[in-house]
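The values are calculated or read from the model by the stated rules, or taken from the named source; none is laboratory data. Keep in mind that what you see is a predicted model, and the values were worked out from it rather than measured. In this analysis, Cβ positions are derived from the backbone assuming ideal geometry, glycine residues included, and neighbour counts consider all displayed protein chains. Ligands, DNA and RNA are excluded from the accessible area calculation, which covers all protein heavy atoms including side chains. Shrake-Rupley method; radii C 1.70, N 1.55, O 1.52, S 1.80 Å.
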Amino acid sequence: IDLQRIKDRTTDTLVANLAHKFRSFLCNLNLRDCVRVTSSSLRYIGECRNLQELSLSGIKQINADVVNDIGLGCKNLLYLNIAKCNFDDGVLRVLARHYVNIQYLSLAGCTG
């Protein structure tokens, strides 16, 4: 599901509902530059057990708790884009611990 095309209208409610309703078969989720999305809905992404590709590039609400919840739930995740995000070293520690199957990881332009 590519929500970047409607990024200005993508809200926490929409993301939480999508993650909950489609959790068993959602394989690809693009939230790139969806600046209205916060950590409260990002945590629901961890329910999507079959998720393989996730782009959170440009979302400012990335933190270690969100990355941990996603990593614990999405064991099949192969592609993760968290470029242009602002986070601390805790996120990097969680990535190393829980994202063992990752084949592509983008951290380009990250600050923290």
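Restricting attention to region 74-86, the residues being surrounded by fewer than 20 Cβ atoms within 10 Å (Cβ to Cβ) and either modelled with pLDDT under 95 or assigned to a loop (DSSP other than H, G, I, E, B) (or both) number 6. Filtering region 1-27 to residues that are outside any loop (DSSP other than H, G, I, E, B) and open to solvent by 60 Å² or more (accessible area, probe 1.4 Å) leaves ASP2, ARG5, THR13, ASN17, HIS20, LYS21. Annotation for region 29-38: at least one member residue is among the basic types (Lys, Arg), open to solvent by 10 Å² or more (accessible area, probe 1.4 Å) and free of Cβ contacts under 8 Å to residues at least 40 places away in the same chain.
The set of residues in region 34-66 that are outside any loop (DSSP other than H, G, I, E, B) and not charged (D, E, K, R) comprises SER39, SER40, SER41, LEU42, TYR44, ILE45, GLY46, LEU54, SER55, ALA64, VAL66. All conditions in (1) among the charged types (D, E, K, R); (2) in a helix (DSSP H, G or I); (3) within 22 Å of ASP8 (Cα to Cα); (4) modelled with pLDDT of 95 or more hold for ASP69, with the sole exception of (3).
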